[in-house]
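Written below as structure tokens is the structure these notes are about.
The values are calculated or read from the model by the stated rules, or taken from the named source; none is laboratory data. The structure displayed is predicted, hence computed values, not measured ones. Positions of Cβ are generated from backbone atoms using ideal geometry, with glycine treated the same way; all protein chains shown enter the neighbour counts. Heads up: the accessible areas ignore ligands, DNA and RNA and are worked out on the full protein's heavy atoms, side chains in. Shrake-Rupley method; radii C 1.70, N 1.55, O 1.52, S 1.80 Å.
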Protein chains: 2
Amino acid sequence: MCEANAYLMKEKEPALIMESVDRIEPEEDGICIVNIFGDQKLIKGFIHSVSLVDHKIFIQENA
Amino acid sequence: MCEANAYLMKEKEPALIMESVDRIEPEEDGICIVNIFGDQKLIKGFIHSVSLVDHKIFIQENA
């Protein structure tokens, strides 16, 4: 499987918010992160960057 | 390897713009897509959504 872990960009260092992420979809007020088990998290933010070989997706909260 | 293919969102259907994508980083005026071979593409847009199990990343051009 080629899922990744989602991290929220913080001042000091990124914080892991979800493992085994499959999909990230835009929502009205941000994004919905869905893992391979179907768990969902709504974040008021956007995809900042990705590093797939490292299995990392970085999420930035809206200002 | 767990890279994905990057598609540009078009009216009819997404258009493949880069295979074997490793990283996508924000740039001043959009994003930089980098594949596992180091090839780069600058797009005036943002990451719309991802579907990692399908190895797909969708890019939306700025309006």
Could you pull out the residue among A:E19, A:E13, A:E3, A:E28 that is among the acidic types (D, E) and facing chain B (nearest Cβ under 8 Å)?
A:E3
Please state which of the following conditions A:I36 fails to meet, knowing it meets all the rest: (1) surrounded by fewer than 18 Cβ atoms within 10 Å (Cβ to Cβ); (2) under 24 Å from B:V34 (Cβ atoms); (3) out of contact with any Leu (no Cβ under 8 Å at 6 or more places or on another chain); (4) at the interface with chain B (Cβ under 8 Å from one of its Cβ atoms).
(2)
Strands (runs of 3 or more DSSP E) within the range B:10-63 that include 2 or more residues within 27 Å of A:S20 (Cβ to Cβ) and at pLDDT 95 or above:
B:15-27, B:30-35, B:45-51, B:56-61
Return the pairs, sorted by first residue and then second, in which the second residue is open to solvent by 90 Å² or more (accessible area, probe 1.4 Å) and of a type in the set (S, T, Y), the first residue lies in the range A:13-29 and is within 14 Å of A:Q60 (Cα to Cα), the beta carbons are less than 6 Å apart, and the residues are 6+ apart or on different chains.
none
